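Here is the structure we will look at.
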Amino acid sequence: MDKKVFSVYMGDPDRSNHAELDLPATPWELIDALDKLRLVDGREPYWQVEDIGRYGFLAPLLDDSDLYQFNALAEQLSTFDHVEAIAFEGLVQMEVDELCQTNGGELTLQRLLDLAYSVDCCHVVPGIRDDAALGRFYVENEFLPELEQVPDSVLELLDYAKIGERMRRDEHGAMTPNGYVVREAELRQAPPNLGRPPRKPPYMIRFLCASDTCAMRLDLPTTQTRLNAVLDALGVDSWQEVQLEECDTAMPEMWAFVDMAHTSMEQVNQFAQCLEMLDANGELAAFKAVASQLDIYKLEDAMALAEHLSEYAFEPSIHSLEDRAREELALMADGPELDLLIRNLNLTAYGADLMYRDRGILSDYGYVHRPDGQPIHLPQQGMDMTMQ
């Protein structure tokens, strides 16, 4: 299931809220990262690449790039095999060389997307890393008619580096650290509308379900009729025979406790219905905030938490200990008196004491506590769910 191409760090330019994200990210993963940032409307996240993988040559080209277009690029790169990855690197090198020769400006992320969708326009010779190797490749494979009648003993005396250099220049090819690339057709344009900010998907959970014979997507919640139809199409008798190869869900952490050897798809569908109701009631972020502080290992635990969610207070506007202190002080005073208190109190220490008193916690999504002053846990008999 791991198809990570890049890792990025996302932050709120105005606060310390942050999130780490592997790209390509699914729609729900992007929405979840934005839930953690809690940006003011209209504010764009700050982001930087933490791990660029095998595509280090892109690093100088990413200044002021759009995060969502960068995710679209990662999505396309995640489909590449070794040869296609070499082709992409060669196309980027050709484009950079042409821009340098013509003073043509910067290589935009949109253009990189075009190149990523044009890798099949190239011929790639893996393993050719310098002009000498390229020259020898052309000679030994009899691609140079003028040398066909030359004896092998004479061929060994040739300057293969010069031959390779001439061929590379004539073909406008690119030499990469992993192979030689030459373009054989016109470049394509990437599909329109790539890289838009994420929209809420029409599903709560999406699986790619695979059997020995085929694979198909399953969006939840759905009907029992649809579940039965998917099993029939996969040619299996039970969900225990199905391999779940991908997952996008409104609760990204749920993959850790979905084990189809012990969990029925009907139960997962019930959980999807639960997530749909939470989202409709505007409680999804609160649910994730509390769940992130509990050791949840079973779907039953997650659904029990949803039933008890009203026992928790969730305040996404509190980003720090100082915010918690200001909130409390605002209940005691206002106007000049409030300003005086804020200027003369250690807000960090006061906020920490308030959190200790309330047994609250600053989650990635906001401040969480129980109004009854109890520790954060799920009060249900037979379940042991305590704060991490």
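The values are calculated or read from the model by the stated rules, or taken from the named source; none is laboratory data. Computed from a predicted structure; not experimentally measured. When we count neighbours, we look across all protein chains shown, and the Cβ atoms used for this are built from the backbone with ideal geometry, even at glycine. The accessibility values were calculated without ligands, DNA or RNA, using every heavy atom of the protein model including side chains. Shrake-Rupley method; radii C 1.70, N 1.55, O 1.52, S 1.80 Å.
Evaluate 2.2 N^0.38 Å with N set to the residue count of segment 197-267, then give the Cα radius of gyration divided by it. Numbers along the way, then the final one.
Values: Rg = 12.1 Å, N = 71, 2.2 N^0.38 = 11.1 Å.
Normalised Cα radius of gyration, segment 197-267: 1.09.
Where nothing but the Cβ of Lys and Arg (+1) and of Asp and Glu (-1) is charged, how large is the charge dipole of the chain around its Cα centre, in debye to the nearest 20?
Working: 30 positive and 71 negative charges, 122 e Å.
Magnitude of the dipole: close to 580 debye.
Just how much of Thr108 is accessible, in Å², when a 1.4 Å probe is used and the result is rounded to the nearest 10?
The value for Thr108 is about 70 Å².
So what is the accessible area of the chain per residue, in Å², with the probe set to 1.4 Å?
Per residue, the chain has an accessible area of 53 Å².
With θ set to phi - 60° and the Karplus curve 6.51 cos²θ - 1.76 cosθ + 1.60, what are the ³J(HN,Hα) couplings of segment 289-303 in order, to the nearest whole Hz, using x for Gly and Pro?
4, 6, 4, 5, 9, 10, 7, 9, 10, 9, 4, 4, 5, 5, 6
Strictly greater than 19 Å: what percent of every Cα pair in segment 1-50 meets that?
Working: 263 of 1225 pairs.
So the portion of pairs separated by more than 19 Å is 21 percent.
For Cα pairs less than 8 Å apart in space and 6+ apart in sequence, what is the mean separation divided by the residue count of the chain, i.e. the relative contact order in percent? Intermediate results must be reported in sequence, preceding the final value.
Details: 576 pairs, mean separation 53.2, N = 388.
Relative contact order here is 14 percent.
Which ³J(HN,Hα) values, rounded to whole Hz and listed in residue order, are derived for segment 232-237 from phi using the Karplus coefficients 6.51, -1.76 and 1.60 in 6.51 cos²θ - 1.76 cosθ + 1.60 with θ = phi - 60°, glycine and proline given as x?
Along segment 232-237, the couplings run 4, 5, 7, x, 10, 9 Hz.
Give the residue from Ala229, Pro201, Thr249 lying farthest towards the positive end of the charge dipole for segment 184-249; charges sit on Cβ (+1 for Lys and Arg, -1 for Asp and Glu) and the dipole is referred to the Cα centre.
Checked the options; the winner is Pro201.
So what is the 222 nm mean residue ellipticity for the chain from helices alone, if each DSSP H run of at least 4 adds -39500 (n - 2.57) and you divide by all residues, rounding to the nearest 500 deg cm²/dmol?
Values: 14 runs with 155 residues, N = 388.
The helix-only estimate for the chain comes to -12000 deg cm²/dmol at 222 nm.
First compute the accessible area of the chain with a 1.4 Å probe, then give the percent of it belonging to carbon and sulfur atoms. If you can, show how the numbers build up before the last one.
Numbers: 9770 of 20660 Å².
Of the solvent-accessible surface of the chain, carbon and sulfur hold 47 percent.
Taking +1 at the Cβ of each Lys and Arg and -1 at the Cβ of each Asp and Glu, which of Leu73, Cys214, His369 sits farthest along the dipole of the chain towards its positive end, judged by Cα position relative to the Cα centre?
Projecting each Cα onto the dipole axis, the largest value belongs to His369.
With the cut-off at 25 Å, report for segment 16-122 the share of all Cα pairs above it, as a whole percent.
Within segment 16-122, distances greater than 25 Å cover 27 percent of Cα pairs.
From the phi angles alone, apply the Karplus equation (6.51, -1.76, 1.60; θ = phi - 60°) to segment 125-140 and give each ³J(HN,Hα) in whole Hz, x where the residue is Gly or Pro.
10, x, x, 7, 10, 8, 5, 4, 5, 5, x, 5, 4, 5, 5, 5
If I compute P(r) over Cα pairs in 20 Å bins from 0, in percent from the structure I just sent, which labelled value in (1) 21, 41, 27, 10, 1; (2) 31, 63, 7; (3) 26, 57, 14, 3, 0 lines up?
Computing P(r) over Cα pairs in 20 Å bins from 0, in percent and matching it to (1) 21, 41, 27, 10, 1; (2) 31, 63, 7; (3) 26, 57, 14, 3, 0 gives (1).
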